[in-house]
Amino acid sequence: MRPPSYKAIVDEYAAAIRSGALPAGTRLPTHRRLARERRIALATATRVYTELAAAGLVVGEQGRGTFVRTRSGYDGIEPSRALPVPRVADLSFNQPLAPGQGDLLRQALRTLASSGDAEALLRQHPPGGHRHDRAVVARHLLGRGVDTAPENVLLTSGAQQALDCVLRTLTRPGDVLAVDALSYPGVKLLAAAHGLDLAPVPVTTTGPDLDALERLCRARPVRAVYTMPTVHNPLGWVLNRAQRDRLAAIATACGCMLIEDGTYAFLEASPPPPLHALAPEHTCYVAGLSKNVAPGLRFGFAVLPGHLLRAATSSLRSAAWGAPGLVTALATGWLADGTVARLERHRRADAAARQRIAATALAGLDVTAHPASYLVWLGLAEHQRPDRVAAVLAGEGILVSTADAFVTGPHRPRAVRLALATPPLDALAGVLGRLRAAVEAIPP
């Protein structure tokens with residue numbers, strides 16, 4: 001009798017899981033047992049579980065096995081926003097707003113409406129923005145240690161489009177992109193869309209394993225390294241000067257590009273120099289105003305070496321052209337008049353206060369966090385699967401992100417990420433206390 005194709009086995013398991021015949025939490029056969037029982041190769045059995053995991057139906061835990069996932073809808077890259085109970089807090093995304101920002105917006109719109117040439121805001125801007133707007137961003141970036149000419153700045157509709165533009169410019173399908181083993185979920189989405197081969201670099205609590213990165217770059221044709229050296233998402237680290245020097249040296253020696261994501265970098269008041277300052281010809285810098293100003297202000301920018309500008313501009317032209325004129329005028333106005341700098345100072349104080357609250361509320365738990373970050377990486381007990389924890393917390397009205405959203409390699413740690421910026425500051429201690437009680441009450 002001919003063994004079933006692996007697709008048939010995938011479909012069989014998927015149907016059983018979706019129908020409830022295999023309930024959430026069921027431990028599935030080991031890879032070797034599945035191979036033996038179904039008379040397939042071990043590699044084929046691994047492929048079965050890989051496809052089921054990609055479909056969000058199972059989760060593998062190192063040393064424990066493969067389990068049917070709790071299909072709560074509250075984990076993964078795009079968690080459901082619906083909850084079975086009234087919402088208590090959203091700890092899955094950072095959506096910070098400072099008091100009075102609505103009034104700031106009203107005033108800015110009145111100023112734009114009364115400007116001498118309001119119609120100019122309705123005209124088409126060149127891809128990447130007008131030079132005078134790019135110059136405003138270039139001046140702003142000097143405060144981040146990024147010294148660049150305006151012509152090397154391209155304006156985009158948010159940091160995600162900036163990252164997309166850089167990846168379109170640097171890579172082709174099949175290229176190798178090195179990333180931290182725990183990294184920003186958006187880079188995973190873009191890598192999949194562009195057909196890139198993600199190569200995970202092991203991480204520690206203080207940064208990527210640079211020895212492993214150097215070995216990877218010498219063994220494989222790595223086209224680019226995506227990195228967040230200042231306030232990492234999700235682990236919060238800030239690389240020291242020696243780590244940055246070595247990262248720049250690896251890129252220079254191996255001939256690959258660095259993609260430096262500075263989205264959260266504003267939260268660290270005095271970081272070491274950015275990678276762009278250490279290796280400008282090998283670094284593309286991306287950031288935006290979603291975290292330091294407002295999540296709905298889709299305004300970002302990419303800084304690229306001169307030899308990449310023509311290709312990057314063409315990439316923008318073929319995609320979404322860049323930032324709209326009205327958004328650009330609003331953003332550059334706030335950059336020029338000091339509003340962004342004031343909001344950044346507020347965010348830094350706010351993040352530090354929230355981390356102090358979290359340190360008290362979560363004391364004694366397995367917490368990884370940086371005092372300047374809005375993020376907490378919460379390790380779970382041996383018996384606590386992240387998807388199940390997310391489902392339990394959803395039942396308490398609390399949204400969190402599971403480790404799966406950030407994993408780029410085969411190892412899936414038992415952890416959830418907590419984004420601290422969204423709940424009201426005076427409610428955060430209560431939210432975290434409720435979260436802790438719910439997690440600790442989960443039985444073995």
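Would you mind checking the tilt of helix 131-142 against the longest principal axis of the Cα atoms of the chain, expressed as 0 to 90 degrees and rounded to 10?
The angle comes out at about 70 degrees.
Relative to the longest principal Cα axis of the chain, at what angle does helix 325-336 sit, 0 to 90 degrees, rounded to 10?
70 degrees
Projecting each Cα onto the charge dipole of region 225-329 (Lys/Arg +1, Asp/Glu -1 at the beta carbon, about the Cα centre), which of P229, T313, N240 comes out farthest on the positive side?
Going by the Cα projections, it comes out as T313.
Size of the dipole of the chain about the Cα centre, Lys and Arg at +1 and Asp and Glu at -1 on the beta carbon, nothing else charged, in debye to 20? Don't jump to the answer; show the numbers that get you there.
Values: 49 positive and 36 negative charges, 195 e Å.
Dipole about the Cα centre, nearest 20: 940 debye.
Can you give me the % of accessible surface on the chain that is carbon or sulfur? Probe 1.4 Å, all protein chains present, nothing else counted.
Working: 10490 of 18940 Å².
Taking all protein chains in place, the chain shows 55 percent carbon and sulfur surface.
How would you order 374-382, 35-43, 167-175, 118-126 from highest to lowest mean count of nearby Cβ atoms within 10 Å?
With the highest mean Cβ count within 10 Å placed first, the list reads 374-382, 167-175, 35-43, 118-126.
Rg and Dmax of the chain, Cα atoms, in Å?
Rg and Dmax of the chain, Cα atoms, are 23.1, 81 Å.
In nanometres, what is the gap between the two model label sites at A43 and L189, each 7 Å from Cα along Cα-to-Cβ?
Calculated label separation equals 3.4 nm.
Which order, highest average first, do 250-256, 153-159 follow once you tally other Cβ atoms within 10 Å for each residue and take the mean per peptide?
153-159, 250-256
Residues of region 279-312 with the amide nitrogen closer than 11 Å to a label point 7 Å from the Cα of H130, along Cα-to-Cβ, please.
Inside the label zone: nothing.
Assuming R0 = 25 Å, what is the FRET efficiency of R310 and E119, from their Cβ-Cβ distance, to the nearest 0.05?
Details: r = 30 Å, r/R0 = 1.21.
In this case the efficiency is close to 0.25.
So what is the 222 nm mean residue ellipticity for the chain from helices alone, if each DSSP H run of at least 4 adds -39500 (n - 2.57) and you divide by all residues, rounding to the nearest 500 deg cm²/dmol?
Taking each H run of at least 4 residues, the total per residue is -12500 deg cm²/dmol.
Output the peptides 431-441, 272-282 sorted from most to least packed, where packing is the average of other Cβ atoms within 10 Å over each peptide's residues.
Peptide ranking by packing, descending: 272-282, 431-441.
Could you give the length gained on full extension between T206 and D426, defined as 0.36 nm per residue of separation minus the Cα-Cα distance, in nm?
On the way: separation 220, 0.36 × 220 = 79.20 nm, distance 3.01 nm.
Going from the current span to full extension adds 76.2 nm.
So what is the accessible area of the chain per residue, in Å², with the probe set to 1.4 Å?
43 Å²
Please name which of T156, H125, G186 has its Cα lying farthest along the dipole of the chain towards the positive end, using unit charges on Cβ (Lys, Arg +1; Asp, Glu -1) and the Cα centre as origin.
Toward the positive end, the furthest listed residue is G186.
The values are calculated or read from the model by the stated rules, or taken from the named source; none is laboratory data. It should be emphasised that the depicted structure is a prediction, and the values quoted were computed from it without experimental measurement. Heads up, the Cβs are rebuilt from the backbone with ideal geometry, glycines too, and the neighbour counts pull from every protein chain shown. Note: accessible area is taken over every heavy atom of the protein model, side chains too, but ligands, DNA and RNA are not part of it. Shrake-Rupley method; radii C 1.70, N 1.55, O 1.52, S 1.80 Å.
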